[in-house]
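The block underneath contains the structure these notes are about, expressed in structure tokens.
The values are calculated or read from the model by the stated rules, or taken from the named source; none is laboratory data. Computed from a predicted model, the values in this text were never measured in an experiment. A quick note on method: Cβ atoms are made from the backbone with ideal geometry, for glycine too, and the neighbour counts reach across all protein chains shown.
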Amino acid sequence: MKVLALLLVVLAGAALVYGMVQPWAGAGPRWDGPRADSGRLHETVRALVALGPRHDHAGMARAADWIRAQLSALGIASTTQDYRFANGDYRNVIARFGPPTPQRIVVGAHYDVHGPYEGADDNASGIAGLLELARLLRENPPPMRTELVFYPREEVDGMGSEVHARSLTRGEVRAVIVLEMIGTFSGEQKFPSPAPSSAGWLRRRSRSNRSTPRNRSPGSATPITATTGCRG
Ligand SMILES: [Zn+2]
């Protein structure tokens with residue numbers, strides 16, 4: 001029975017991945033608005049990686065300072081949502097655009113990294129995308145309140161995204177978009193074969209859940225936010 005349940009989960013995951021990457025739904029309407037600068041995206045990823053490890057308190061603080069400096073250099077004011085977790089102080093960095101409409105769009109990305117790795121794709125690429133979006137929104141203000149939020153601690157407990165989500169109410173959020181692993185330098189990023197990959201992920205999660213009880217269940221976060229499962 002457990003094997004059947006696992007098989008169903010794997011098949012459901014495979015169907016989800018296929019649905020996300022399928023090419024037959026069309027590319028949507030042509031976009032004639034401002035475009036991202038690939039050179040800037042490239043430089044931002046390299047600069048973030050050059051900051052060094054970003055998985056610990058010092059590394060995340062360094063990254064948050066760097067992100068704020070990048071925003072400031074673009075002429076964009078940022079604020080922080082400070083919180084304390086496990087005797088450490090952490091910051092969501094927030095940049096706001098558009099008029100103060102009752103509802104807002106939230107676009108976020110996490111700036112921490114799993115383990116002492118460079119994290120170019122996960123998630124310097126997401127942060128580069130968010131900073132580039134900040135530049136574009138400064139030049140082309142959106143018609144409704146839009147918040148870009150840079151989160152710490154996505155790879156470990158005490159997620160900044162959860163702190164941010166809990167500070168909002170469902171009715172004031174029109175949509176949430178989380179930028180996660182949006183690019184690589186080494187060719188097109190492909191999903192691995194869904195079945196063995198998903199099974200391995202399930203095994204790792206299973207071991208992890210046994211050895212490291214988490215203070216957060218999958219359903220405990222406010223449902224208006226969503227992050228992808230990139231914890232390695
Ligand atoms: Zn990630």
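Residues in region 79-93 that are over 18 Å from the mean Cα position of the chain (by Cα) and among the polar types (S, T, N, Q): THR79, ASN87. Within region 109-132, being away from the ligand (no atom under 11 Å from the Cβ) and either closer than 17 Å to PRO142 by Cα or surrounded by 20 or more Cβ atoms within 10 Å (Cβ to Cβ) (or both) holds for ALA128, GLY129, LEU130, LEU131, GLU132. Scanning region 60-88 for residues that are in a helix (DSSP H, G or I) and basic (Lys, Arg) yields a count of 2.
Considering each residue of region 91-105 in turn, none proves to be modelled with pLDDT of 95 or more and within 15 Å of the ligand (Cβ to nearest atom). Could you please find all residues in region 134-150 being among the hydrophobic types (A, V, I, L, M, F, W, C) and either within 16 Å of the ligand (Cβ to nearest atom) or touching a residue at least 60 places away in the same chain (Cβ under 8 Å) (or both)? Residues satisfying the conditions are ALA134, LEU136, VAL149, PHE150.
Among the residues that make up region 50-57, is at least one of them under 18 Å from VAL149 (Cβ atoms), of a type outside the set (Lys, Arg) and surrounded by 14 or more Cβ atoms within 10 Å (Cβ to Cβ)? Within region 50-57 (the criterion being under 18 Å from VAL149 (Cβ atoms), of a type outside the set (Lys, Arg) and surrounded by 14 or more Cβ atoms within 10 Å (Cβ to Cβ)), the answer is no, since none of the residues qualifies.
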